[in-house]
């Protein structure tokens, strides 16, 4: 149970720090402009470790569990490129070293606070993909005059990230897929702890006439593949859930994919948790088309609802989707259509295997692993975990 320790100051406002098992823990996360898998992991860690969350933008905080304590460093500049720079600078110049004893970083910009906050750990969802493995692909999508600026921008961010890495004491990857990227681009070893799924929240009501897609509206999610696949299947419906944060690189992409959709495809935007759980419970299955997905929590959320998954055969999907819980496919319309039509004949046959698979990644398993890892690897300045 939390007990009040003292009032400290941030941006002129009083905030509270708390003890957790005699140790005060802070989790730095980039921003809460939208709720995705990364934000769900941060909230779960905060509740498990009784930690405060320190972030920048708090646009979507009202959608979080009200028991989580969030501290804002202030808003970022809502313009692609400048948003990321302003977030990195806010973390770099903040100093909570006297207010907490253990520090955890989440996201891509929060770890710039590492030089002043020890002992620490970075829970890495992925190195910034447009700077590393997806660099050439992203560059090819830009107009000629923007390519020069992006090359300059990416070069300097890679430079400063490499300078920041020695200050990071430990790294945890959210999947073996990300562990490989970390070793490839950062030449650092990492441990793997899969993100948690609160399986008890999910339920199955029926296998309805619609399929579900849950993801941020980002280019790397390849949502256009989903749209074109369902354009070829007018007898089935697709509901796409998700949004994007203001100032992200995806604004033009989101507008583009929503401008010419068939009548059987619906964009619902971001939803509150009860509404999303309802869609999981009533859908026929889940479709995932992300390019080399980091890990992918949504397939496991669907499985926790007893629903099969059609996902592209790459990245983290390979670590969760099995022949008993769905089908891995090539990233093309024909393969996706064939798989969806096959599963749609009898999706209920996957129910039991999906439920069993999701339980392997439940919150209890994550809690046990993250607590044990912190106890074994991080020695706080005082107290014990």
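Points worth noting:
- Protection proxy ranking of 340-351, 44-55 - average other beta-carbon atoms within 10 Å, highest first: 44-55, 340-351
- Spacing of the two label points (7 Å from each Cα toward its C-beta) at residue 266 and residue 160, in nm: 4.3
- Applying 0.36 nm per residue to the separation of residue 330 and residue 256 and subtracting their alpha-carbon distance, the gain on full extension is 24.3 nm.
- Protection-proxy order for peptides 214-222, 262-270, each taking the mean of Cβ atoms within 10 Å per residue, highest first: 214-222, 262-270
- Taking label points 7 Å from Cα along the Cα-to-Cβ direction, residue 89 and residue 116 give a separation of 1.5 nm.
- Packing, as the average of other Cβ atoms within 10 Å across residues, places the peptides 123-129, 151-157, 298-304, 89-95 in the order 298-304, 123-129, 89-95, 151-157, highest first.
- When the convex hull of its Cα atoms is projected in every direction, mean area for the range 199-359 (nm²): 8.4
- Taking 7 Å steps out from each Cα toward its Cβ at residue 144 and residue 98 produces label points 5.6 nm apart.
- Considering all different alpha carbon pairs of the range 95-231, the Kirkwood hydrodynamic radius works out to 17.9 Å.
- Residue-span extension gain [residue 134 to residue 373] - 0.36 nm each, minus C-alpha spacing: 83.0 nm
- Gain in span if fully extended, residue 203 to residue 232, counting 0.36 nm per residue against the direct Cα distance: 7.5 nm
Just so you know, all these numbers are worked out from the coordinates, no wet-lab data involved. What you see is a predicted model, and the numbers here were worked out from it, not measured in a lab. Don't worry about glycine lacking a Cβ; one is built from the backbone with ideal geometry, like all the others, and counts go over all protein chains shown.
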